[in-house]
Amino acid sequence: MLRIGIDLGGTKTEIAAFAAHGAELVRRREPTPSGNYQATLALIARLIHDAEQTLGATATIGIGTPGALSPSTGVMRNSNSTCLNQQPLKKDLQHKLGREVRLANDANCFALSEAVGGAAAGATLVFGVILGTGVGGGIVINGKVIDGPNAIAGEGGHNPLPWPADDERPGDACYCGQLGCIETFLSGPGLARDHARVTGSTLTAEDVTAQAMHNTQATQTLARYEHRLARALASVINVIDPEVIVLGGGLSNIQRLYTNVPALWGKWVFSDAVRTRLVRNRHGDSSGVRGAAWLW
């Protein structure tokens, strides 16, 4: 069975096709039409058509998206690509393609990819978290994504930051309508805002990371980030007790996180020892598209 996976992102859309045994056959990436729902549908349909023309065969279609379909209404919600919200994305794609499509949150696809042949292969309970433009999470148990009755399992990015300090209250406004969500602290833009607030210097998250080796202020910003990430992940460990936590997204490339965060999180984990492993993803930017393909 040929499988096609699509990772629908806010800035880029990637497609990849895989053989039944997992070998990659086709890969392509294009910019996502910004704020244009109909153009996004057209792009997805064209990428699938072109891939199947190249393959000379029809494949199953799995799509990873920001946000998720509402189980009640069948329309998209909670997407930071706001043009998708309140749209019947799955229904429209199935109509356009003339066949069934499987659709899941992009963080769920990431977690599935890393749990099945990735950095958490062999683990029974895996939590995957994407630290990028937003913060999303997914739970995989025995190789299966857990959606939950509300289709929000793992979405800890929209809980409040745990154990906040006085200067972290009430926190920045989040697009979801709340204040002080974990996403507003641990996303790339959140890290950049924190650095600017403390130092007055406007840098991207990538610039802060690059300067941390020789710039005291950047080093202190990363230390604050690690402390917040440790608290956020400790709250996850307290609830689901995963064997492995896998980090994805652009901020997962900060190597010091994998040493410093586990050294901190024990203060808040309700156990005398913490055996959970914190690991970097194995499949990098390919995890989303790979996990989408494995929704079948």
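A short reminder: the numbers here are calculations on the coordinates, not readings from a lab. Model, not experiment: these values are computed from the prediction. Cβ placement follows ideal geometry from the backbone for every residue including glycine, while neighbour counts extend to all protein chains displayed.
Under a model in which nothing but the beta-carbon of Lys, Arg (+1) and Asp, Glu (-1) is charged, the chain shows a dipole of about 360 debye around its Cα centre. Once the mean of 1/r is taken over each pair of separate Cα atoms and inverted, the chain shows a Kirkwood hydrodynamic radius of 19.6 Å. Across the chain, the longest piece that holds none of the GluC sites (Glu not before Pro) lying in DSSP loops with up to 15 other C-beta atoms within 10 Å covers 101-242.
Full extension of the chain segment joining Arg27 with Asp207 gains 61.9 nm, where the gain is 0.36 nm per residue of separation less the Cα-Cα distance.
For the pair Ser34 and Ile146, the difference between a 0.36 nm per residue extended length and the Cα-Cα distance amounts to 37.3 nm. Normalising the average separation of contacting C-alpha pairs (under 8 angstrom, six or more residues apart) by the number of residues puts the relative contact order of the chain at 21 percent. Note on Leu179 and Trp296: their simple-model spin labels are 4.8 nm apart, each label 7 Å out from Cα toward Cβ. The aspartates and glutamates whose alpha-carbon is closer than 16 Å to the alpha-carbon of Lys144, local same-chain residues fewer than 8 away aside, are Asp106, Glu114, Glu243.
Fewest neighbouring Cβ atoms within 10 Å first, the residues Trp163, Trp265, Trp294 line up as Trp163, Trp294, Trp265. Report, ordered by chain and residue number, the lysines lying within cross-link reach of Lys96, taken as a straight Cα distance under 22 Å and ignoring same-chain residues fewer than 8 apart. Partners within reach: Lys12.
Where Rh is the Kirkwood radius over the Cα pairs of segment 1-126, the temperature 37 °C and the viscosity 0.692 mPa s, what D in µm²/s does Stokes-Einstein return? D, rounded to a whole number, is 218 µm²/s.
Under the simplified labelling scheme, the Arg197-Val75 pair shows an inter-label distance of 3.3 nm, with each label point 7 Å from Cα along Cα→Cβ. Computing FRET efficiency as 1/(1 + (r/R0)^6) for Gln220 and Asp285, where r is the C-beta to C-beta distance and R0 is 45 Å, gives about 0.95. In terms of surrounding Cβ atoms within a 10 Å radius of their Cβ, His214, His227 rank from fewest to most as His214, His227.
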